[in-house]
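Novice: Mind having a look at this structure? Questions to follow.
The values are calculated or read from the model by the stated rules, or taken from the named source; none is laboratory data. It should be emphasised that the depicted structure is a prediction, and the values quoted were computed from it without experimental measurement. Because the Cβ atoms are built from the backbone with ideal geometry, glycine has one as well, and the counts that use them run over all protein chains shown. To get the accessible areas, we keep the full protein, side chains included, count just its heavy atoms, and leave off ligands, DNA and RNA. Shrake-Rupley method; radii C 1.70, N 1.55, O 1.52, S 1.80 Å.
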Amino acid sequence: MIISFFFFLLLSLTSNGQFFDESKNYEGSSDLVDLQYHMGPVISSPATSLYIIWYGRWNPTQQSTIRDFLYSVSSPTPAKHPSVSDWWKTVMLYRDQTGSNITGTLVLSGEFHDRTYSHGSHLTRFSVQSVIRTAVTSKLPLNGLNGLYLVLTSDDVEMQEFCRAICGFHYFTFPSIVGATVPYVWIGNSKKQCPEMCAYPFAQPKPFPGSGFMAREKMKPPNGDAGIDGMISVIAHELAEVSSNPMLNGWYGGEDATAPTEIADLCLGVYGSGGGGGYMGSVYKDRWRNVYNVNGVRGRKYLIQWVWDLTRNRCFGPNAMN
């Protein structure tokens, strides 16, 4: 959705004064799901070109972890099962009115490093388009045919509604600003600002004094960086949604196209079988007790959220037990 990946571990106060986890998801099939196709396009190019805009201060280790995830989506030599590319096959089930399915090939085709914070350290959802304009006038091509732009902001960059309502979002550019209509995604590194919201389950909310709420065990991030591993889960979420609803007239539920329920929103907080109600589901732990549910290239491991499976009519991921 446009304001996507709302914090799914919402702490709500019940009548007896106890806090509980509230999570909207459908790990099992449900008649309550109102996912519909609205006759718009999906990202169906045989090969979609991804362009990363690194905004702010990044170190090579952080960038390498994210790049490897993107390479894992459609690597010619897939990782062992369950893999990121296996997860993407569920996204590929979605098609447009011509019968074209979502692309199976995402190619990292260019990067731009905006180390000077060209539009400041406080951004708005609208100013992200100006960040893209700077990138395409400085180095990146303006690819209106099969381009998808990822704006990734470092942990010292503040975004409008970041941490309060959003961890990431997707939209499309205006020709009057960028020069063409192209889909894009924004995700921020929450490590310093709100890891308990946007890097869950690698960080936990702090209990309110006297609330009786007990935080769960904090999970260890598979790549050793809660902010980056949290970002990757949000990147996966947004890639699935921008691919199935790039112009806000594709696949979504609800009456309002500007605030839709999309294919990843239906599975918020679900990472494995049995997930729901604040429980992430059955996932794996490696020898160092790092938590993951899919494998990537170069031996990487990631924890990414499930998405809605059209054929099974439920949330699904390649690590499912059935």
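Novice: Please specify each residue of region 167-177 satisfying the condition of being more than 24 Å from Y252 (Cα to Cα) and open to solvent by less than 50 Å² (accessible area, probe 1.4 Å).
Specialist: I177
Novice: Right, next: Hey, does region 158-166 have a residue that's open to solvent by less than 40 Å² (accessible area, probe 1.4 Å) and over 25 Å from Y252 (Cβ atoms)?
Specialist: Scanning region 158-166, I find no residue that is open to solvent by less than 40 Å² (accessible area, probe 1.4 Å) and over 25 Å from Y252 (Cβ atoms), so the answer is no.
Novice: Another one. Check whether at least one residue in region 242-253 is at pLDDT below 95, assigned to a strand (DSSP E or B) and open to solvent by 10 Å² or more (accessible area, probe 1.4 Å), and report yes or no.
Specialist: So far as region 242-253 goes, no, none of its residues is at pLDDT below 95, assigned to a strand (DSSP E or B) and open to solvent by 10 Å² or more (accessible area, probe 1.4 Å).
Novice: Among the listed residues Y279, Y284, identify the single one that is of a type in the set (S, T, Y), over 16 Å from the mean Cα position of the chain (by Cα), open to solvent by 40 Å² or more (accessible area, probe 1.4 Å) and at pLDDT 95 or above.
Specialist: Y284
Novice: Another question about this same structure. So which residues in region 169-195 are in a helix (DSSP H, G or I) and more than 18 Å from Y302 (Cα to Cα)?
Specialist: P175, S176, I177, V178
This table checks each residue for (1) of a type outside the set (D, E, K, R); (2) at pLDDT 95 or above; (3) touching a Cys at 6+ places or on another chain (Cβ under 7 Å); (4) within 30 Å of R298 (Cα to Cα).
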position: D21; (1), (2), (3), (4): no, no, no, no
position: T65; (1), (2), (3), (4): yes, yes, no, yes
position: V73; (1), (2), (3), (4): yes, yes, no, yes
position: D96; (1), (2), (3), (4): no, yes, no, no
position: T105; (1), (2), (3), (4): yes, yes, no, yes
position: T116; (1), (2), (3), (4): yes, yes, no, no
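Novice: So which residues in region 255-276 are open to solvent by less than 40 Å² (accessible area, probe 1.4 Å), modelled with pLDDT under 90 and either β-branched (V, I, T) or within 30 Å of M39 (Cα to Cα) (or both)?
Specialist: A257
Novice: Let me ask another. Which numbered condition in (1) part of a loop (DSSP other than H, G, I, E, B); (2) more than 18 Å from W186 (Cβ to Cβ) is the only one that T90 fails?
Specialist: Tallying (1) part of a loop (DSSP other than H, G, I, E, B); (2) more than 18 Å from W186 (Cβ to Cβ), T90 fails exactly one: (1).
Novice: Among L148, L152, which is touching a residue at least 40 places away in the same chain (Cβ under 8 Å), in contact with a Ser or Thr (Cβ under 6 Å, 6 or more places away or on another chain), within 15 Å of W54 (Cα to Cα) and part of a strand (DSSP E or B)?
Specialist: Being touching a residue at least 40 places away in the same chain (Cβ under 8 Å), in contact with a Ser or Thr (Cβ under 6 Å, 6 or more places away or on another chain), within 15 Å of W54 (Cα to Cα) and part of a strand (DSSP E or B) holds for just one of L148, L152, which is L148.
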